[in-house]
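Notes follow the structure.
The values are calculated or read from the model by the stated rules, or taken from the named source; none is laboratory data. All figures in this text were calculated on a predicted structure; none of them were measured in a lab. All Cβ positions, glycine included, derive from the backbone under ideal geometry; neighbour counts span all protein chains shown. Ligands, DNA and RNA are stripped out before the accessible areas are found, and what is left, the full protein with its side chains, is counted by its heavy atoms. Shrake-Rupley method; radii C 1.70, N 1.55, O 1.52, S 1.80 Å.
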Amino acid sequence: MTTAAVSTFQAPKGTYDLLPPDSALYLAVREAIAAPARRAGYGYVETPGFENVELFSRGVGESTDIVTKEMFTLTTKGGTQLALRPEGTASVLRAALQANLHKTGNLPVKLWYSGSYYRYERPQAGRYRHFSQVGAEAIGAEDPLLDAELIILAVDAYRSLGLRDFRLLLNSLGDGECRPAYRAALQDFLRGLDLDEDTRRRIEINPLRVLDDKRESVQRQLTGVPLIADHLCEGCKAYHEQVRELLTEAGVAFENDPKLVRGLDYYTRTTFEFVHDGLGSQSAVGGGGRYDGLSEMIGGPSLPSVGWALGVDRTVLALRAEGVELDLPAATSVYAVPLGEEARRTLFTVVTELRRAGVAADMAFGGKGMKNAMKSANRSGARFALVAGERDLAEGVVQLKDLESGEQGPVVLGEIVATVKERLV
Ligand code: HAM
């Protein structure tokens, strides 16, 4: 058997590694997206990275690209068919149902999550096979205030990051009362067009998806296509109007997009997508909507719900496209530079004390010389360096150097923690 040299391994196609210093930005983005949801009563949920494949085929939809082309599936030794999760909503609802959260009499169940998702897509800028989402779901209540709440939370998350060039596209996909008649009217129209075999098949299985076809040859023929907005029943119309009013009152601008259908089949009524104009073809930075029928589709009771997921990767790309620099706190506040073996021991103790007192501290390891160690201190972004040699230790002091001003002075060993804390404020 031949073994490949270890150095030749690469991350699989369509995946990436997150490494410092960029990784700090990803953490900050996840945190910023989650913060508004946490403040609004959403509790953290974590589900497995894989699920029974049927959860997604039934939940996301047999005819969607995600299920037919993009799932990473595997069969266990016991013969169970699993899939790496392509999205979070079906899993979160499955978890809530399994734990009977919906029976506590405290609806809606509000949950947020953050994690990795997997889709076997053709990789390109902003589209990966392993990507990261933060999501929020409100399970078990039909209330336009809840749809508006979620959309406002997402807008507030983007705004807190300093993003400006994003737009909110809004639509209603109707419900069990009005969608069937609309679907039939749409099919009638589409069957009269000049379309290829695949698209003709799609008309019969999932005609709404044809509206989303990006090809010019298709879009050109869609002039005059029946739009769901003109087919909504009174209930859906009134619901949608309320959501729109609530958003307007909250100062959230939106664009009505009657062709917005989204790539997952579980949506009913409110659907929305956030797009960013600096991202090229993969412009959707987040999306979501109401999914009143999903619970029943996966074997649960009727539980009208609404939620969203925002893409962390694309949000980072959007920040870069707008040139937004986040004010990230330096990972290290104090960097210790020991000169000699005794100083290594002493400063190791000081660094431990600083950390225990809540100060981010690091030191030069591996017996680095003064010059190299100072270079590391500067590179760490630390505000202060603690330098100590034999003579300092003999006097019971270390040198505290302000790396911003260059000022330096001795501090008595027992007073370092207090002095540093005082000067860091
Ligand atoms: P989605 O629109 O499929 O919705 O994904 C949400 C976001 O995840 C997208 O807007 C995009 O930013 C990001 N994303 C999706 N695929 C990729 C990819 N291959 N590479 C990088 N980023 C990607 C959902 O997943 C629904 N579960 C949202 C939802 C929650 N609906 C109701 N509740």
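The condition of being over 13 Å from the mean Cα position of the chain (by Cα), within 14 Å of the ligand (Cβ to nearest atom) and of a type in the set (A, V, I, L, M, F, W, C) holds for LEU169.
Hey, among VAL155, VAL134, VAL92, which residue is within 14 Å of the ligand (Cβ to nearest atom), among the β-branched types (Val, Ile, Thr) and farther than 20 Å from LEU303 by Cα?
On the way: VAL155 fails: within 14 Å of the ligand (Cβ to nearest atom); VAL92 fails: farther than 20 Å from LEU303 by Cα.
The match here is VAL134.
For GLU121, the conditions (1) among the acidic types (Asp, Glu); (2) more than 9 Å from the ligand (Cβ to nearest atom); (3) farther than 25 Å from GLY299 by Cβ all hold with the exception of (2). Residue under question is ASP277, and the condition is that it be open to solvent by 60 Å² or more (accessible area, probe 1.4 Å), more than 13 Å from the ligand (Cβ to nearest atom) and under 25 Å from the mean Cα position of the chain (by Cα); does it hold? Judged against the criteria, ASP277 is a match.
Applying the selection to region 281-299, what residues are part of a strand (DSSP E or B), buried (at least 21 other Cβ atoms within 10 Å of the Cβ) and within 7 Å of the ligand (Cβ to nearest atom)? Before you say what the answer is, go through the steps one by one.
Initially, region 281-299 is screened for residues part of a strand (DSSP E or B), giving 284-290.
From what is left, the residues that are buried (at least 21 other Cβ atoms within 10 Å of the Cβ) are 285-290.
Passing the criteria: VAL285, GLY286, GLY287, GLY288, GLY289.
Name, by its number, the condition in (1) in a helix (DSSP H, G or I); (2) touching a residue at least 40 places away in the same chain (Cβ under 8 Å); (3) under 30 Å from ALA148 (Cα atoms) that does not hold for ALA24. So ALA24 meets the others, but not (3).
In the condition set (1) surrounded by 18 or more Cβ atoms within 10 Å (Cβ to Cβ); (2) within 13 Å of the ligand (Cβ to nearest atom); (3) modelled with pLDDT of 95 or more, VAL53 is compliant with all but (2).
If we scan region 202-217, do we find a residue that is of a type in the set (Gly, Ala, Ser) and more than 16 Å from the ligand (Cβ to nearest atom)? Give the steps one after another, and end with the answer.
Just the residues of region 202-217 that are of a type in the set (Gly, Ala, Ser), to begin with: 217.
Those still in the list that are more than 16 Å from the ligand (Cβ to nearest atom) too: 217.
For region 202-217, residues of a type in the set (Gly, Ala, Ser) and more than 16 Å from the ligand (Cβ to nearest atom): present.
Here LYS259 fulfils each of the conditions (1) in a loop (DSSP other than H, G, I, E, B); (2) charged (D, E, K, R); (3) touching a Ser or Thr at 6+ places or on another chain (Cβ under 9 Å) apart from (3). Within region 341-357, residues that are open to solvent by 90 Å² or more (accessible area, probe 1.4 Å) have Cβ atoms under 7 Å from residues that are outside any helix (DSSP H, G or I) and not acidic (Asp, Glu) in these pairs: PHE348/MET363; ARG355/ALA361, counting only partners at least 6 apart in sequence or on another chain.
Candidates PRO48, PRO86, PRO12: the one that is in contact with a helix residue (DSSP H, G or I) (Cβ under 9 Å, 6 or more places away or on another chain), within 15 Å of ARG119 (Cα to Cα) and either part of a loop (DSSP other than H, G, I, E, B) or not assigned by TED's automatic domain parsing to the domain that holds GLY289 (or both) is PRO86.
So is GLU31 surrounded by 12 or more Cβ atoms within 10 Å (Cβ to Cβ) and in a loop (DSSP other than H, G, I, E, B) or not? No.
Yes or no: LEU264 open to solvent by less than 30 Å² (accessible area, probe 1.4 Å), near the ligand (Cβ under 9 Å from one of its atoms) and closer than 17 Å to SER91 by Cβ? Show your work before the answer.
Working: open to solvent by less than 30 Å² (accessible area, probe 1.4 Å): yes; near the ligand (Cβ under 9 Å from one of its atoms): yes; closer than 17 Å to SER91 by Cβ: yes.
Criteria met by LEU264.
Enumerate the strands (runs of 3 or more DSSP E) found wholly within region 106-197, keeping only those where 3 or more residues are open to solvent by 60 Å² or more (accessible area, probe 1.4 Å) and farther than 27 Å from GLU255 by Cβ. First the steps, then the outcome.
Values: elements: 109-118, 130-139, 166-172.
Hits in region 106-197: none.
Here is the figure for region 379-402: residues that are open to solvent by 60 Å² or more (accessible area, probe 1.4 Å) and more than 13 Å from VAL334 (Cβ to Cβ) total 5.
Could you run through region 300-331 and say how many residues are free of Cβ contacts under 8 Å to residues at least 12 places away in the same chain, open to solvent by 60 Å² or more (accessible area, probe 1.4 Å) and away from the ligand (no atom under 16 Å from the Cβ)? Of the residues in that region, 4 qualify.
For VAL67, the requirement of being in the same structural domain as ALA309 (by TED's automatic domain parsing) and farther than 19 Å from GLY115 by Cβ is met. The single residue among LYS237, LYS259 that is modelled with pLDDT of 95 or more, assigned by TED's automatic domain parsing to the domain that holds ARG30 and more than 12 Å from the ligand (Cβ to nearest atom) turns out to be LYS237.
The single residue among THR75, THR15, THR80 that is under 19 Å from the mean Cα position of the chain (by Cα), farther than 21 Å from ALA138 by Cα and either of a type in the set (Asp, Glu) or open to solvent by 30 Å² or more (accessible area, probe 1.4 Å) (or both) turns out to be THR15. Taken over region 403-425, the residue count meeting the criterion of being open to solvent by 70 Å² or more (accessible area, probe 1.4 Å) and in contact with a strand residue (DSSP E or B) (Cβ under 6 Å, 6 or more places away or on another chain) is 3.
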